[in-house]
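Chemist: Below: one structure in structure tokens.
The values are calculated or read from the model by the stated rules, or taken from the named source; none is laboratory data. Everything numeric in this text was worked out from a predicted model, so none of it was measured. Note that we place each Cβ from the backbone using ideal geometry, even for glycine, and neighbour counts take in every protein chain shown. These area figures cover heavy atoms from the full protein model, side chains too; ligands, DNA and RNA do not enter into them. Shrake-Rupley method; radii C 1.70, N 1.55, O 1.52, S 1.80 Å.
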Amino acid sequence: MFYDTASALFGVAGLRVTDADPRPDGVVEVWAVTDCAGAACCPDCGAESSRVHEMVACRPRDVRRAGGQVELNWVKCRLKCENGECGRKTFTERIPVVPPGARVLPRVKDQCAGEVADRGIPPAEAARHAGVSWPVAHAAFAARADAVLGSPPAPVAHLGIDEHRRGRPRWETDPGTGEYRLLADRWHVNFCDLSGAQGMIGQVEGRTADDTAYWLALAPPAWRDRIEVVAIDMCAIFLSAVRRTLPRAQVAVDLFHVVQLAVKAAADVRRRATREKYGRRGREGDPEYGLKGLLNRNLESLSPEQFWKVIETLDGDAHGQQIAIAWIAKEKLRAALNLRKRITRSQPCERQVRDRLFTFYDWCAAHEDIPELVTLAKTIARWEQQIVTAVLTGVTNAATESLNRIAKLEARLAYGFRNPASQRRRVQIACTRGKRRPPRTATSRTKRTVTKQKQTPG
Ligand SMILES: [Zn+2]
């Protein structure tokens, strides 16, 4: 309860502002006294006292006002306990919103916690702005983050799994052989809600099938049963972990990686054919080299002129024809993937997808003299079921990849992490920020008529 305007603006319940003095250096010095029922009660026996022993000033750190620093001087009484049977001789006034002995007002910690958790500011910067130490700011953030992240995730229909490197790998030189030896290469696997708005729902250190399966096995069976589709990269480790712990879920591979593989195979053929033709690597001026960018593009993105440029350049000799065959193989594979609903606006049927994949295998088999195509076809055949699932369900791992980007950004903002638990907390809070953010609303432009105006004194 505030009784005057200055105290209401200052906004610490239980303190009454007696004076505010803006200094030339921008610091506002605020003087306040205790104004709270029960502030003069002994903390041990609860008896109210009116015997003042001495006046003391305490100066807890407060938040800034309009950018300027605030120096709070809280003048409070040290009172003598009037209860003869109480063991305590003296005590100072205390108010509920400031814990006894606090050197920082709770709202400073709240501000630090909010800046780190909701605004993505590193704890060091939040601490510097608030004028507190890093441990104070970090502890405030950790308390808030743990309260938010501690609750188990809501059911997830589509789960995304991906990995990212934690920091840099460390190497040392073997004194015997002089070769590099890997000392540490640390990874985090993250789990993401693809069907809802929960963002990142979990992380685990390491990137083996056991690490991944461990996290999934820890989840309640009822939660695991609700998972219908799991999206992964073309990574056998994740597949094995999902097979073990989520036997009923369908697995979809991210189609971006499938296309990436086909583009890479076509580029490999182009490089090999160029080397065979010229006896050196391709360079500017070679006709094949000029097609580099066009061959990576989707067929439908090429203009008729660009399309004919590709055909005319590659039709000239056997080397060019090899490149063209690889390029067509890529497009045949894409034709199967392009049956997904997002592109055709109609639900694809499994038979159709498999037919188009068969056309792709058939093409690769007809050109088995190109080893890159044989390898590509074998890989696609190994992942066929997961590719078909991805096309039929339309589930992609794009959201997980975008969270990976945030995770890496967070590590850069922090200049790397020493403590993996700390890194996981910071990454997960960053990757769930969207869920906690309130919806953006425009400020109302309508003018309000002031009906009740305070009379100015005098
Ligand atoms: Zn007492």
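Chemist: Quick check, is ALA407 touching a helix residue (DSSP H, G or I) at 6+ places or on another chain (Cβ under 8 Å) and small (Gly, Ala, Ser)?
Modeler: Against the criterion (touching a helix residue (DSSP H, G or I) at 6+ places or on another chain (Cβ under 8 Å) and small (Gly, Ala, Ser)), ALA407 qualifies.
Chemist: Follow-up. Here are some residues: ARG88, ARG78, ARG94, ARG65. Which one is within 34 Å of the chain's Cα centre (by Cα) and open to solvent by 60 Å² or more (accessible area, probe 1.4 Å)?
Modeler: Only one candidate qualifies: ARG65.
Chemist: Only one residue in ARG297, ARG272 is loosely packed, with under 14 Cβ neighbours inside 10 Å and out of contact with any Cys (no Cβ under 9 Å at 6 or more places or on another chain), so which one is that?
Modeler: The match here is ARG297.
Chemist: When only residues in segment 103-137 that are open to solvent by less than 70 Å² (accessible area, probe 1.4 Å) and either within 16 Å of the ligand (Cβ to nearest atom) or in contact with a strand residue (DSSP E or B) (Cβ under 7 Å, 6 or more places away or on another chain) (or both) count, which is farthest from CYS58 (Cα to Cα)? Quick ask: steps written out before the conclusion?
Modeler: Just the residues of segment 103-137 that are open to solvent by less than 70 Å² (accessible area, probe 1.4 Å), to begin with: 104-108, 111-118, 120-124, 126-127, 130-133, 136-137.
Pick out the ones that are also either within 16 Å of the ligand (Cβ to nearest atom) or in contact with a strand residue (DSSP E or B) (Cβ under 7 Å, 6 or more places away or on another chain) (or both) and you get 104-105, 108, 131-132, 136.
On the way: VAL104: 11, LEU105: 11, VAL108: 16, GLY131: 17, VAL132: 16, VAL136: 19 Å.
Looking at residues that are open to solvent by less than 70 Å² (accessible area, probe 1.4 Å) and either within 16 Å of the ligand (Cβ to nearest atom) or in contact with a strand residue (DSSP E or B) (Cβ under 7 Å, 6 or more places away or on another chain) (or both), I get VAL136.
Chemist: State whether the residues of segment 307-322 include one that is in contact (Cβ under 8 Å) with a residue 24 or more places away in the chain, within 25 Å of ALA273 (Cβ to Cβ), part of a helix (DSSP H, G or I) and basic (Lys, Arg). Lay out the reasoning, then the answer.
Modeler: To start, the set of residues in segment 307-322 that are in contact (Cβ under 8 Å) with a residue 24 or more places away in the chain comprises 313-314, 316-317, 319-320, 322.
The next check asks that each one be within 25 Å of ALA273 (Cβ to Cβ); those that pass are 313-314, 316-317, 319-320, 322.
When the remaining residues are screened for being part of a helix (DSSP H, G or I), the result is 313-314, 319-320, 322.
Now restrict to residues that are basic (Lys, Arg): none.
No, the conditions are met nowhere in segment 307-322.
Chemist: Next up: Can you confirm whether LYS264 is at pLDDT below 90 and surrounded by fewer than 20 Cβ atoms within 10 Å (Cβ to Cβ)?
Modeler: On the way: at pLDDT below 90: no; surrounded by fewer than 20 Cβ atoms within 10 Å (Cβ to Cβ): yes.
Judged against the criteria, LYS264 is not a match.
Chemist: Still on this structure, please answer the following. Could you please find all residues in segment 400-418 being in contact with a strand residue (DSSP E or B) (Cβ under 6 Å, 6 or more places away or on another chain) and among the hydrophobic types (A, V, I, L, M, F, W, C)?
Modeler: Within segment 400-418, LEU403, ALA407 qualify.
Chemist: Please determine whether any residue of segment 14-37 is within 16 Å of the ligand (Cβ to nearest atom), within 47 Å of the chain's Cα centre (by Cα) and within 20 Å of LEU79 (Cβ to Cβ).
Modeler: no
Chemist: Can you name every one of the strands (runs of 3 or more DSSP E) wholly within segment 176-276 that holds 1 or more residues which are over 30 Å from ALA329 (Cβ atoms)?
Modeler: On the way: elements: 180-184, 187-193, 200-205, 229-232, 250-253.
The strands (runs of 3 or more DSSP E) meeting that bar are 180-184, 187-193, 200-205.
Chemist: Which one is least open to solvent (accessible area, probe 1.4 Å) among residues in segment 1-50 that are hydrophobic (A, V, I, L, M, F, W, C) and touching a Cys at 6+ places or on another chain (Cβ under 6 Å)?
Modeler: CYS42
Chemist: In addition: Would you point out which residue out of ALA236, ALA184, ALA147, ALA217 is at negative phi, under 18 Å from the mean Cα position of the chain (by Cα) and open to solvent by 20 Å² or more (accessible area, probe 1.4 Å)?
Modeler: From the options ALA236, ALA184, ALA147, ALA217, the qualifying one is ALA147.
For every residue, the table says whether it meets (1) out of contact with any Gly (no Cβ under 8 Å at 6 or more places or on another chain); (2) without any contact (Cβ under 8 Å) to a residue 24 or more places away in the chain; (3) not charged (D, E, K, R).
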position: ALA126; (1), (2), (3): yes, yes, yes
position: ALA137; (1), (2), (3): yes, no, yes
position: ARG166; (1), (2), (3): yes, no, no
position: GLY176; (1), (2), (3): yes, yes, yes
position: ARG186; (1), (2), (3): no, no, no
position: ILE201; (1), (2), (3): yes, no, yes
position: ARG207; (1), (2), (3): yes, no, no
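Chemist: Moving on. Counting only residues that are in contact with a strand residue (DSSP E or B) (Cβ under 9 Å, 6 or more places away or on another chain) and in a helix (DSSP H, G or I), which one in segment 352-387 is most open to solvent (accessible area, probe 1.4 Å)?
Modeler: Top of the filtered list is GLN385.
Chemist: Same structure, new question: Outside any helix (DSSP H, G or I), open to solvent by 10 Å² or more (accessible area, probe 1.4 Å) and either over 28 Å from TRP363 (Cα atoms) or in contact (Cβ under 8 Å) with a residue 60 or more places away in the chain (or both): does that describe ARG283?
Modeler: Here the answer is yes, as ARG283 does meet what is asked.
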